[in-house]
Each structure stands twice: as C-alpha cells, then as structure tokens.
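Structure first, then comments.
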Ligand code: HEC
C-alpha cells in the first residue's frame, strides 16, 4: 500500500509525465515535417475552388476525407477515377447529372469555376491520407448498403 504522501507524489509524477508526453506529441504533430496537406502547393485557383465548394454546400451531399453527407459519392480521390473532362461536364451541366439515379445539382458552372473546383480536387487528392484512399469511394456508403441488400 502507498502511504498518503507516496500516493500524492505518484499522482503528481504521473500527471507531469503524461502532460509532457502530450506537449511533445502536440509539437511533433504540428511540426513542418509532419505537414500532410502540402498547403504550400495551394494555388489561387484551388483556393477559389474551395470557396465554391463551401459556398454551394457540396458537403450537404458529398464527403471529402469522410467529412460531409453520405448521399453522393466520396470525392477525395475523384480525380483518380474520373478525368478532367468528366468532372467539368458534371459541374457545368445545366440538367441534373444522374446516371446512377441520384440527382446532382445542375450548377451550370462557368468553365473558370469548373476549373477552380477541379484544381481544388487535384490538391485534395495529393494530400497524404494515411491509407484512407484504400476505401472504395465510388458510391456513397448508404447506396452501398442498398446495393448489397438487393
Ligand atoms: C443535392 C445533393 C448534391 C449536392 C449539393 C452536390 N452534389 Fe455532386 N453529386 C450528387 C450526386 C447524387 C452525384 C452522383 C450522380 C450519379 O452518378 O448518378 C454527384 C456527382 C458528383 C460528381 C461526379 C462524381 C463521380 O464519381 O461520378 C462530382 C465531381 C460532383 N458531384 C461534385 C460536386 C460539387 C463540386 C458540388 C458543389 C459545388 C456538388 N457536387 C454538390 C449530389 C450532389
């Protein structure tokens, strides 16, 4: 059994050690060498694309890195499965894009806006995802459930 004094020092020592580990890991995580986002490669076009992404609430239906809604396909690596012309056609379409029977909003974007969103997707796809890219992202998780039941 620890005496009251020993217990107190055990508590203080344990707290100090875990606190130092916490600070150390925080500094490590935030250090430049750990930057997985390549934020220095963000072009003006990609930044405009991100702005369009947020302004139109694309996340209301899509996810990027798992964040967003599960109605529509994951878009983190969309540039790897679709070519530039395909993505631009989806964004510039004036009728809802829906080959798989869920409707994408018909944004009818200008070529410039579509190029900016494309630049944003390209930047996203270059982020080091720590293996997340291995997930099958071609359909939304909800749609996948439906497909396996049928
Ligand atoms: C109302 C829901 C909704 C919103 C909001 C939405 N989308 Fe979509 N989007 C969809 C659906 C559903 C599909 C899949 C259509 C299909 O394949 O049948 C899709 C498809 C796409 C695709 C093609 C993906 C692929 O793999 O075929 C891209 C790229 C895309 N959307 C980008 C965007 C962007 C950028 C925005 C915001 C500016 C946006 N979407 C907003 C529903 C939405």
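The values are calculated or read from the model by the stated rules, or taken from the named source; none is laboratory data. Please read all numbers here as calculations on a predicted model, not as lab measurements. Cβ: placed from backbone, ideal geometry, glycine included. Neighbour counts: every protein chain shown.
Taken as a whole, the structure places residue 109 among residues that are surrounded by 14 or more Cβ atoms within 10 Å (Cβ to Cβ), over 19 Å from residue 81 (Cα atoms) and at pLDDT 90 or above.
Sort out which residues of the range 1-46 are without any contact (Cβ under 8 Å) to a residue 40 or more places away in the chain and within 30 Å of residue 92 (Cα to Cα), and write them in order of number. 39, 40, 44, listed by residue number.
In the range 32-56, the qualifying residues are those that are under 17 Å from the mean Cα position of the chain (by Cα) and not in a helix (DSSP H, G or I), and the one that is farthest from the ligand (Cβ to nearest atom) is 35. Scanning the range 82-91 for residues that are more than 10 Å from the ligand (Cβ to nearest atom) and assigned to a loop (DSSP other than H, G, I, E, B) gives a single hit, 83.
Just so you know, in the range 118-138 the residues that are more than 16 Å from residue 39 (Cα to Cα) and over 14 Å from the mean Cα position of the chain (by Cα) include one that is modelled with the highest pLDDT, and it is 118. In the range 49-63, the residues that are assigned by TED's automatic domain parsing to the domain that holds residue 92 and surrounded by fewer than 17 Cβ atoms within 10 Å (Cβ to Cβ) form Cβ pairs under 6 Å with partners that are in a loop (DSSP other than H, G, I, E, B) and at pLDDT below 95, at six or more places apart or across chains, as follows: 60/69.
Among residues that are at negative phi and modelled with pLDDT under 95, residue 30 is included.
Here residue 59 passes the criteria (1) in a loop (DSSP other than H, G, I, E, B); (2) touching a strand residue (DSSP E or B) at 6+ places or on another chain (Cβ under 6 Å) except the one numbered (1). Note on the range 67-81: among residues that are part of a loop (DSSP other than H, G, I, E, B) and near the ligand (Cβ under 10 Å from one of its atoms), the one that is modelled with the lowest pLDDT is 77.
Note on the range 92-106: residues that are in contact with a helix residue (DSSP H, G or I) (Cβ under 6 Å, 6 or more places away or on another chain) and either more than 6 Å from the ligand (Cβ to nearest atom) or more than 16 Å from residue 58 (Cα to Cα) (or both) amount to 1.
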